[in-house]
Amino acid sequence: MQFHKYDVLIVGAGGAGMRAAIESGQRARTAVLTKIYPTRSHTGAAQGGMCAALSNVEEDNWEWHTFDTIKGGDYLVDQDAAEIMAKEAIDAVLDLERMGLPFNRTPEGKIDQRRFGGHTREHGTAPVRRACYAADRTGHMILQTLYQNCIKHGVEFFNEFYVLDVNMSTNEDGEEVCTGAVAYELATGEIHVFEAKSVVFATGGFGKVFKTTSNAHTLTGDGMGIVYRKGLPLEDMEFYQFHPTGLAGLGILISEAVRGEGGILRNVDGERFMERYAPTIKDLAPRDIVARSMALEVLEGRGCGSNKDYVLLDVTHLGEEVLESKLPDITAFSRTYLGVDPISEPVPVYPTAHYAMGGIPTNVDGEVLRDNETSVSGLYAAGECACVSVHGSNRLGTNSLLDINVFGRRAGIAAAEYAHSREHVEMPEEPAKLVQGMVDHLRTAHGGERVANIRTALQETMDANASVYRTEDTLKQALSDVQLLKERYGRIAVHDKGMRFNSDLLEAVELGFLLDLAEALVNSALARKESRGGHAREDYGARDDTNFMRHSMSYKQLPDAEDPDAPLGLTGFLADIRLDYKPVSVTRYQPMERKY
Ligand SMILES: Cc1cc2nc3c(=O)[nH]c(=O)nc-3n(C[C@H](O)[C@H](O)[C@H](O)COP(=O)(O)OP(=O)(O)OC[C@H]3O[C@@H](n4cnc5c(N)ncnc54)[C@H](O)[C@@H]3O)c2cc1C
């Protein structure tokens, strides 16, 4: 076992982690731990853009952006946080420009901007050009730019280090504080203990609970799972976003930028059906509305193809020049994966699991909440794994690249300042006990269950029962399936017993996180008897502000630490979630009927 000591530890090297590290690295001794090479993080797959009311190509302002974010999130957004994000967006983009990010430009040399779903002028009157972009590789450019700047500021990276636990200790004042984290080094199988004064989780989303998803294989919700297993809450887990345009049958993402540039959705009759659902902004309605509309078209028999199970994204009128210059990667994806050339024929698309609105609850400085009122000293979270909540029940396109920059920066500053104001608090006596136990258990287990089979079954039930539309029955089915899978998970065996590059073992650990998160998602979805944003119930079709305009908070009830048979922190069993609620912060906009 190896020991390390830093001021600040950042877990995750995506956009949020690296934006935090740039701030922290200039103020305190900072290490970034990442399970994959930094520039392979999912932020690099982001295509369409990052929004800010720069007014470079038409009139815009941060107040309209705030309103769009709140309405887009179906009024579950914490409005104080949304206002901060929209205001700080402008500097967030300019900071990236100064760091060297090559944005697309207008003929006058300003950063160019394009349209995206739900971003409007004058509170919904018409779409507005708010998304800054670098072709359809915006995330790639952000990630490379941030990485280079981290290197410049002397941030130390530990690549292919899987963080599997976070440590808490009680300080002299009797307060429980975060004191570090424990990681497994993929190359050697060694366990490393990192002592730190503050820890920032920036581990990204958990799209792999679904089968059809735009998310990379690495998005298994580790950070959320680790924090949840400490008895800390997860917020708004039922709100998972289905992006309207995944390549049909595959889930690979076709950015909303395609519709921003003028792409149109059509059903089997060639009808531009979004005119019926969102007469003002049509195909540029927020994602929850477009995804629900597409699912309805298919349910009502107006889908395309032999199984009538998808709709078409038509860009044939845009011309080769626009597609090749502004959307080159997406044009190539469609050719490569479906054999469809968007220049001459429409592309088959269907909603794909895309983004977690919920996650580790934090305040606007990234401090992790212990409950509705208090936070955990020294523990921070930012990016997709966190819930501030600026996205409420439905995130607007380009607001995530923005979120990771604004709140990544804030968390990095806060974590470094906290580290400066405190001394190291002693770690628990055996800081690696839980991780060592997990790893030993998995290496020696001889059960008959295989990780791949359980993962497939989990993804299939989530796709079938907890997708765009849900009902009491489908959710109960999903919950009992997940429960059974958790029992089976207790009997898994890992075939690779070795130390070096044992990805088998880590996939088993990741599956445990996915099972916990799926359970929290389905459990809170079952309790939310209304339709709001990304959570659409066929049996409760309307939004119910009286009973449900509140954030859900899921707490995992922990097994007794003294119980020798307690499942070594791998996963607990069902019916051990306590659900609580937290008020929404409303500073300015009372909820209204949501029309587009
Ligand atoms: C295909 C696609 C396109 C998108 N396009 C856009 C877009 O155009 N605009 C927009 O605003 N949003 C977009 N999004 C969403 C946005 O890209 C993500 O929400 C955002 O980039 C998440 O950033 P992050 O830093 O939180 O996490 P990530 O970039 O996913 O990084 C997570 C990091 O955590 C690390 N990690 C995870 N677990 C562990 C562990 N156990 N130990 C150590 N390290 C760990 C990983 O190694 C990685 O470095 C898109 C998403 C996808 C999937």
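No value in this document is a laboratory result; all are computed from the given coordinates. All figures in this text were calculated on a predicted structure; none of them were measured in a lab. Because the Cβ atoms are built from the backbone with ideal geometry, glycine has one as well, and the counts that use them run over all protein chains shown.
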Worksheet item: When we measure straight from the Cα of LYS326, which aspartates and glutamates land under 20 angstrom away, once same-chain ones fewer than 8 places off are left out?
Response: GLU58, GLU97, GLU108, ASP112, ASP136, GLU256, GLU261, ASP283, ASP314, ASP341, GLU345
Worksheet entry | Rg followed by Dmax, in Å, when region 110-182 is reduced to its Cα trace | 21.2, 57
Worksheet, complete the sentence: Expressed in angstrom, Rg and Dmax over the Cα atoms of region 433-583 are 17.4, 55
Fill in: Cα Rg, Dmax, region 243-353, angstrom units
12.7, 37
Fill in: For region 318-435, projected area of the alpha-carbon convex hull averaged over all directions, nm²
11.9
Discussion item. Between 0 and 90 degrees, rounded to the nearest ten: what's the tilt of helix 15-25 against the longest Cα principal axis of the chain?
Written reply: 50
Worksheet item: So which aspartates and glutamates can LYS197 reach, going by Cα to Cα under 13 Å and dropping same-chain residues fewer than 8 places off?
Response: ASP7, GLU176, GLU417, GLU423, GLU426
Worksheet item: Can you list residues whose amide H is under 5 Å from SER377's amide H, if they're 5+ apart or on another chain and H is modeled 1.01 Å from N?
Response: CYS178
Fill in: Given charges at beta-carbon only (K, R positive; D, E negative), |dipole| of region 243-353 in Debye
320
Item to complete: Rounded to the nearest 500, what is the 222 nm mean residue ellipticity of the chain from helices alone, with -39500 (n - 2.57) per DSSP H run of 4+ residues and division by all residues?
Response: -10500 deg cm²/dmol
Worksheet entry | 41 Å tail of the calculated P(r), the chain, as % of Cα pairs | 19
Worksheet item: Which translational diffusion coefficient, to the nearest whole µm²/s, is obtained for region 1-101 from the Stokes-Einstein equation, given a Kirkwood hydrodynamic radius over C-alpha pairs, 4 °C and 1.567 mPa s?
Response: 81
Worksheet item: Placing +1 at every Lys and Arg Cβ and -1 at every Asp and Glu Cβ, with all other atoms neutral, what dipole size does region 431-526 have around its Cα centre, in debye to the nearest 20?
Response: 360
Practice prompt. Rounding to the nearest 20 debye, state how big the charge dipole of the chain is about its Cα centre with +1 on each Lys and Arg Cβ and -1 on each Asp and Glu Cβ.
Written response: 1040
Fill in: Packing-based order for 65-77, 302-314, using average beta carbon neighbours within 10 Å, highest first
65-77, 302-314
Worksheet item: In the structure displayed, which of LYS5/LYS486; LYS211/LYS582; LYS208/LYS230; LYS35/LYS110; LYS5/LYS152; LYS71/LYS152 lie more than 28 Å apart, Cα to Cα?
Response: LYS5/LYS486; LYS211/LYS582; LYS35/LYS110; LYS71/LYS152
Worksheet item: Quick one: helix 451-465 against the long Cα principal axis of the chain, what's the angle to the nearest 10°, folded into 0 to 90?
Response: 40
Worksheet item: Could you state the number of Å between the C-alpha centres of region 365-426 and region 229-288?
Response: 27
Response to the item:
Listed by chain and number, the residues whose amide H is under 5 Å from that of GLY262, excluding neighbours fewer than 5 places away on the same chain and using placed H, are none
